[in-house]
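Engineer: Take this structure, written in C-alpha cells, and hold onto it; I'll ask about it next.
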Amino acid sequence: MKRLVAFLLILPAVLFAQETITIRKGDTTSVALKTLGGAEGAAATKVLQNDLDLSGWFSITPPERATYLIGGSASGGSLEGQVTDPRGGVVLRKTYSGGLRAAAHKFADDIVATVTGQKGIANTKIAFVSTRTGRKEIYTADYDGANLKQITSDGSISVAPALSPDGSKLAYTGYQSGYADIYFVDLASGARNRIVKFPGTNSGASFSPDGGRIACSLSKDGNPELYVMGANGGGARRLTKTKGVESSPTWSPDGSQIIYSSDDRGGPQLYKISAGGGSGEPISTGYAYCTEPSWSPDGKKLAFTARSGGFSIAVKDLRSGATNSLASGEDPVFGANSRHVIFSSGSSLVLLDTQNGRQIPVVTGLGKVSEPTWSR
Amino acid sequence: MKKLLTLGLAIFVIAAFDSCKKKEGDQFAGVDGDYVSGTPLPDRIDGANFFGGNVVRGQFSPVYFGYDSITVSDSELMKLEQVASAVKSSRKTLIIAGFTDDRGTEEYNRGLGEKRAQAVRDALISMGLSGGNIQTVSFGEEMPADPGSGDAAYAMNRRAEFGVVK
C-alpha cells in the first residue's frame, strides 16, 4: 500500500517530466485587453498584445477574471492608454506619441512598470549581422523584429555590432580597409566614423552603461588584449596582459567592472577585471568552453555561450553560483529587464524568457543571422 | 651648416621617438607597463588590403593549426623557413592573416585568428625577421578556404596565410 501511494505520488512527476516549461499561475498577472478605439486601434492592439505576451508578466483573460483592464485609443501616430482595476480605479492613464508601434511599445513598458515595478523591453532596438545580401552587413530592428533597417552596405565584412545602451549609437567591426577596424555610427544622422584603427585586429566593442566609454579587443601590442577607451576612440588604456586571447567584454551595471572571455589557461573561460585594470579573476561555470558573456543590467546574472557537444545558452546566477543551460544557440545578450535574452540560432534570432524557458523567434528569413546586441 | 642640420634633425628624431615611447607607456593600466608577450605591430601601410590588388597572396603555403590551437607545429615551422628567407632578401612587408573554422562564436574566433597570425609572426621574428615588416589581421571564421563543413574542410580553414605588399 505504501508503495502504491509512493507510486501515485511520483506518477504526476513522471507524466509531466516531458513538459519542459511550467508556468505557475502565480507568476503572471491576469489582464484583459480591450481592442483600442480609433483609426489605428486594431493595429496598435496587435502590437500591444504581442508586447504583453512576450513580457512574460501577464496572462490575457476575459474581463471578469482580470486583475487589470487595458484599453484606450490610437490614431495619427499617437496612443491614449488606460489601465484600470475592476472597480474602475485608474492605475495608469497616459498619451504616447512617436508612431503607432513606438507608442504601443511605450504603453506596454509603462504597463509592465506600473504592475510589476520592472523595466520593460518593448521600446528597445536590436542590431545584428545578416548574410541576406550575400555579405555580412549590420541591420537594426525593434526588439520584436519589426522596423528592419539595413545600416551598412559596405560589401565587405561588417560584424560585431554593439548598440549604445540608449540605442542611439552603433559600433561595429568592419574590414573595408583590409584590416579589422571599429566604426561608430550615429543612428539618427547616419554619420559614420572609423574610430579605432590601430595596427592588427580591432574588434568587439562594448559600450559602458552610461555610453561614455567602450571596451574592446586590440592586438596592436602583439597579442589580442582588452582595452578601455572613450566613446570617441581616444585614450586607450590596456586592461589585460596575458599570452592568451581576450575577447567579448561586458560591463557591470555601475561601469566599474568587466567580465570577458580568455583562453589564457587552455579553453576559453570567463574572468572578471576592474575597468581600471588589474588582474582577471576566474569565474567558474562548469564548462570547458565559455565565450561571449553578457552581464544582466541588474548585475545579478551572466549569460554566455557554452560548449558541451553543441553550443548552448547558459545563464549563471552570480549570487548563488548556479549555472543552467537554457537553450541551444550562440551569442546571448540580456535585455533591459534582466529576464529576457536574445540569442542567435542559425537563421533566426530567438527571444528567450530565462524565467520560464519560453523561446520565441523574433527575426527570421534574413539568411544567417548572428551577434545580436540589444539597447536597454 | 649641413652638419648642424643633421644634428638638429637627429635630436628631433630622438626626442620624437622618446615622447612617443612615453605616450605608449602611459596607455597601460598595469604597474610595470611592459609587454608581457608579443612584439608590438608596426604602423599600417595605407591601402594595403590583404584581399586587395596591392597584396600578392599564395606565394607561400598556409600554416595549418589544430582545433582551438595556436601552436605552430614542427612540420608547419619548416614552411616558415622558406618565408623567412624569401622576405629577408626582398625586404618587403608581409601581412599574415589568421583564420579559424566556423565552429565556436564569431568574436572569439576573431581573437583566435589574430592569435594564430601573431604566433606565426613571433616564429618568423625568432628566425631573424624584423617585426617592423610584419603585420597581422584576423578574419576569424570569414573567408574560409573550403566553404564546406566536416573535418576535412575545418582543417583547411584553421590557417594563417601570407600576403606580400607590392
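Engineer: Could you work out how far apart the two model spin labels at A:Arg65 and A:Ser153 are, taking each label as a point 7 Å from the Cα in the direction of the beta carbon, and quote it in nm?
Structural biologist: For A:Arg65 paired with A:Ser153, the spin-label model returns 5.2 nm.
Engineer: Note down the relative contact order for region A:170-278 as a percent, whole number, built from C-alpha pairs under 8 angstrom at least six residues apart. If you can, show how the numbers build up before the last one.
Structural biologist: On the way: 261 pairs, mean separation 18.0, N = 109.
Rounded, it is 17 percent for region A:170-278.
Engineer: Which order results if B:Tyr108, A:Tyr271 are arranged by neighbouring Cβ count within 10 Å, fewest first?
Structural biologist: Working: B:Tyr108 27, A:Tyr271 24.
Final ranking by Cβ density, sparse to dense: A:Tyr271, B:Tyr108.
Engineer: Ranked by Cβ crowding within 10 angstrom, fewest neighbours first, how are B:Thr100, B:Thr105 ordered?
Structural biologist: On the way: B:Thr100 29, B:Thr105 26.
The most exposed by this proxy come first: B:Thr105, B:Thr100.
Engineer: Could you calculate the FRET efficiency of A:Arg87 with A:Asn356 from 1/(1 + (r/R0)^6), where r is the beta carbon distance between them and R0 is 25 Å, rounded to 0.05? Don't jump to the answer; show the numbers that get you there.
Structural biologist: Working: r = 30 Å, r/R0 = 1.22.
Efficiency, from the Cβ-Cβ distance: 0.25.
Engineer: To continue, here is another question. Placing +1 at every Lys and Arg Cβ and -1 at every Asp and Glu Cβ, with all other atoms neutral, what dipole size does the protein assembly as shown have around its Cα centre, in debye to the nearest 20?
Structural biologist: In debye, rounded to 20, the protein assembly as shown gives about 420.
Engineer: Let me ask you something else. For A:Ile126, A:Ile259, A:Ile214, what ranking results if the residue with the fewest other Cβ atoms within 10 Å of its Cβ goes first?
Structural biologist: Ascending Cβ contact count within 10 Å gives the list A:Ile259, A:Ile126, A:Ile214.
Engineer: Right, something else. Using +1 at the Cβ of each Lys and Arg and -1 at the Cβ of each Asp and Glu in chain A, identify which of A:Ser97, A:Thr28, A:Val115 lies farthest towards the dipole's positive end.
Structural biologist: A:Thr28
Engineer: A:Asp186 to A:Lys46: extension gain in nm, 0.36 nm per residue of separation minus the Cα-Cα distance?
Structural biologist: Full extension from A:Asp186 to A:Lys46 adds 47.3 nm.
Engineer: Please name which of B:Ala48, A:Ser59, A:Ser348 has its Cα lying farthest along the dipole of the protein assembly as shown towards the positive end, using unit charges on Cβ (Lys, Arg +1; Asp, Glu -1) and the Cα centre as origin.
Structural biologist: About the Cα centre, the residue reaching furthest to the positive side is B:Ala48.
Engineer: Turning to a different aspect of this structure: Once you order the gyration tensor axes a ≥ b ≥ c over the Cα atoms, which shape class does region A:136-177 get: rounded for a/c under 1.5, otherwise prolate or oblate by comparing a/b with b/c?
Structural biologist: Taking the square roots of the gyration eigenvalues as a ≥ b ≥ c, region A:136-177 is oblate.
Engineer: Here's another thing I want to ask about it. With a Förster radius of 35 Å, plug the Cβ-Cβ distance of B:Asp46 and A:Lys243 into 1/(1 + (r/R0)^6) and report the FRET value to the nearest 0.05.
Structural biologist: Efficiency for this residue pair is about 0.70.
Engineer: Counting each DSSP H run of 4 or more residues in chain A as -39500 (n - 2.57), what helix-only mean residue ellipticity at 222 nm follows after dividing by all residues, to the nearest 500 deg cm²/dmol?
Structural biologist: -4000 deg cm²/dmol
Engineer: Taking a spot 7 Å from the Cα of A:Thr35 along the direction of its beta carbon, which residues of region A:91-129 have an amide N less than 15 Å from it?
Structural biologist: none
Engineer: Assign unit charges at the C-beta atoms only (+1 for Lys and Arg, -1 for Asp and Glu), then state the dipole size of region A:247-376 relative to its Cα centre in Debye, rounded to the nearest 20.
Structural biologist: Approximately 260 debye in magnitude.
Engineer: In nm, give the distance between the simple-model label positions of B:Arg57 and B:Asp151, each being 7 Å from the Cα along the Cα-to-Cβ direction.
Structural biologist: Each label point lies 7 Å from its Cα, and together they span 2.7 nm.
Engineer: So what are the ³J(HN,Hα) numbers for region A:247-256, from phi and the Karplus equation (6.51, -1.76, 1.60; θ = phi - 60°), rounded to whole Hz, Gly and Pro as x?
Structural biologist: Each residue's phi maps through the Karplus curve to give 8, 6, x, 9, 8, 6, x, 8, x, 8 Hz.
Engineer: Can you tell me the length gained on complete extension of the stretch A:Lys368 to A:Asp317, counting 0.36 nm per residue apart and subtracting the Cα distance? Before the final figure, lay out the partial values.
Structural biologist: Details: separation 51, 0.36 × 51 = 18.36 nm, distance 3.02 nm.
In short, 15.3 nm is gained.
Engineer: Still on this structure, I have one more. Label A:Asn324 and B:Asp74 with points 7 Å out from Cα along Cα→Cβ: what is the distance between them in nm?
Structural biologist: 5.1
Coordinate-derived values only; no laboratory data. Keep in mind that this is a model prediction, so the values were computed, not measured. Methodologically, a virtual Cβ is constructed for each residue, glycine included, from the backbone with ideal geometry; neighbour enumeration extends over all protein chains shown.
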